[in-house]
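Colleague: Before anything else, here's the structure in question.
Please treat every number below as a calculation from the coordinates, not as lab data. Treat the numbers as computed from the prediction; the structure is a model and nothing was measured. Glycine gets a Cβ as well: all are built from the backbone with ideal geometry, and neighbour counts include every protein chain shown.
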Amino acid sequence: MSESYWEVRYRSRDMPWEKGSPSPGLVDFLNEHLDLARGTVCVPGCGTGHDVRAWASAGFEVYGYDIAPSAIRLAKTATSKAGLKARFARKDFLTGELGRRFLWVFEHTLFCAINPADRDRYVSALLRNIEPMGWYLAVFYLIPDEDGPPFGTTRDEICRRFSPHFDLKAEWVPRSYPNRTGLELMMWWQHRPGTAE
Ligand SMILES: C[S@@+](CC[C@H](N)C(=O)[O-])C[C@H]1O[C@@H](n2cnc3c(N)ncnc32)[C@H](O)[C@@H]1O
């Protein structure tokens, strides 16, 4: 989906993904793992930045990226209102140069937002932007829909795409927003260096 597709949705306030709070699964993960290695975090497709602010509140150095200029504007305003520090930039995660590698990449409803034909490019972008041995924490949306966004996926597809490059450290069904209960799968992967993009 193009930049203008997402920008129009923000401008017309047609944003049902906007829940006014971070992913419940991420909130629980951060509360349950207080001893995580602090470092840089990339949140691609960050929207208005709720997840970015959750990572920032937990003491991480966070960078939020989104293809839609309005999302970045809303994210910056809300973050400064909250008195938190995070950096935001308008970037296409699939093609953009982020200029650094990150210890953490956090996925939440970007994988299901892009066209499924772009999923190979998503994995390549992830590999370009994560540190060797870095962590990929994802909240995947396991729905059957083919007429997205959101576009569905399955656990099998996820494993086929990510296990050639990452080791699965843990997976679980997280606490979710009410209308997504039971439809999300969190996976915590560690990059395996030496695998080709
Ligand atoms: C379904 S929304 C989710 C936003 C946010 N993650 C949340 O859960 O509130 C998908 C977001 O991904 C952004 N997006 C779509 N394609 C993108 C791309 N190629 N690169 C970066 N952001 C993208 C959209 O602008 C939108 O903000």
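Colleague: With r defined as the distance between the Cβ atoms of residue 37 and residue 98 and R0 fixed at 22 Å, what FRET efficiency is calculated, to the nearest 0.05?
Modeller: It comes out at approximately 0.65.
Colleague: With an 8 Å Cα cut-off and a minimum separation of 6 or more residues, compute the relative contact order for the chain in percent.
Modeller: 19
Colleague: Set Lys and Arg Cβ to +1 and Asp and Glu Cβ to -1, take the dipole of the range 71-197 about its Cα centre, and tell me which of 102, 84, 142 lies farthest positive.
Modeller: 84
Colleague: Hydropathy at least 1.0 by Kyte-Doolittle, axial extent at least 30 angstrom from the Cα trace: which helices of the chain, defined as entire DSSP H runs, fit?
Modeller: none
Colleague: Stokes-Einstein diffusion coefficient for the range 34-182 at 37 °C in a medium of 0.692 mPa s, Rh from the Kirkwood formula over Cα pairs: what value in µm²/s?
Modeller: The Stokes-Einstein estimate is 206 µm²/s.
Colleague: I'd like the antiparallel share, as a percent to the nearest 5, of DSSP beta bridges with both residues in the chain.
Modeller: Approximately 45 percent, going by the DSSP bridge assignments.
Colleague: Related question: Mind ordering 178-184, 19-25 by average Cβ neighbours within 10 Å, highest first?
Modeller: Result, highest mean first: 19-25, 178-184.
Colleague: I would also like to ask the following. Sequence gap of 8 or more, or different chains, plus Cα separation below 26 Å: how many lysine pairs satisfy both in the chain?
Modeller: Step by step, the pairs that qualify in the chain add up to 7.
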